[in-house]
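**Q** If you scroll down you'll find the structure; I have some questions about it.
Computed from the coordinates by the stated procedures, all read-outs in this text should not be read as laboratory data. Owing to the predicted nature of the structure, the values given are computational and were not obtained by experimental measurement. Because the Cβ atoms are built from the backbone with ideal geometry, glycine has one as well, and the counts that use them run over all protein chains shown.
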């Protein structure tokens, strides 16, 4: 077990090392301690936490994610949800501001954060499972469900 003071000294040296010199500092300590650089970094993280823990700012407006969410609720071919790429194309065709900058991977990540789950090439949200079972309902019920989903999104933003 490495002494906490030694790890503190290693961390201090790494923090103060000029650009491009951290590898040299860590190589010096791997030789002295007989550990790999990955082990040293893991032990430093375990005691001092991650070096950078800055939350990133969402570059995609929430409005666009909600629009994609609404499109995904609608029925695609053979009862499957519409692909994210197709949703993005629909938004671009509608002329939504900023839709041309959307990437499927980013949108999918944001949808997962909102509660969607990727199951067998479909995005499902617990609330959407209800409408998936009742696809034969008239369109006005589906529209009503979209209104309910909108109110759900407003409530979850307030929390």
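**Q** If you stretched the chain out fully between residue 28 and residue 109, how much longer would it get, using 0.36 nm times the residue separation minus the C-alpha to C-alpha distance? Spell out each step's value before the answer.
**A** Values: separation 81, 0.36 × 81 = 29.16 nm, distance 3.96 nm.
Length gained, residue 28 through residue 109: 25.2 nm.
**Q** Also, I was wondering about something else. Going by average Cβ density within 10 Å per residue, which order do the peptides 99-111, 60-72, 2-14 take, highest to lowest?
**A** On the way: 99-111: 15.5, 60-72: 17.8, 2-14: 13.9.
In descending order of packing, they fall as 60-72, 99-111, 2-14.
**Q** Here is a follow-up. If each of residue 39 and residue 62 carries a label point 7 Å out from its Cα toward its Cβ, how far apart are those two points in nm?
**A** 4.7
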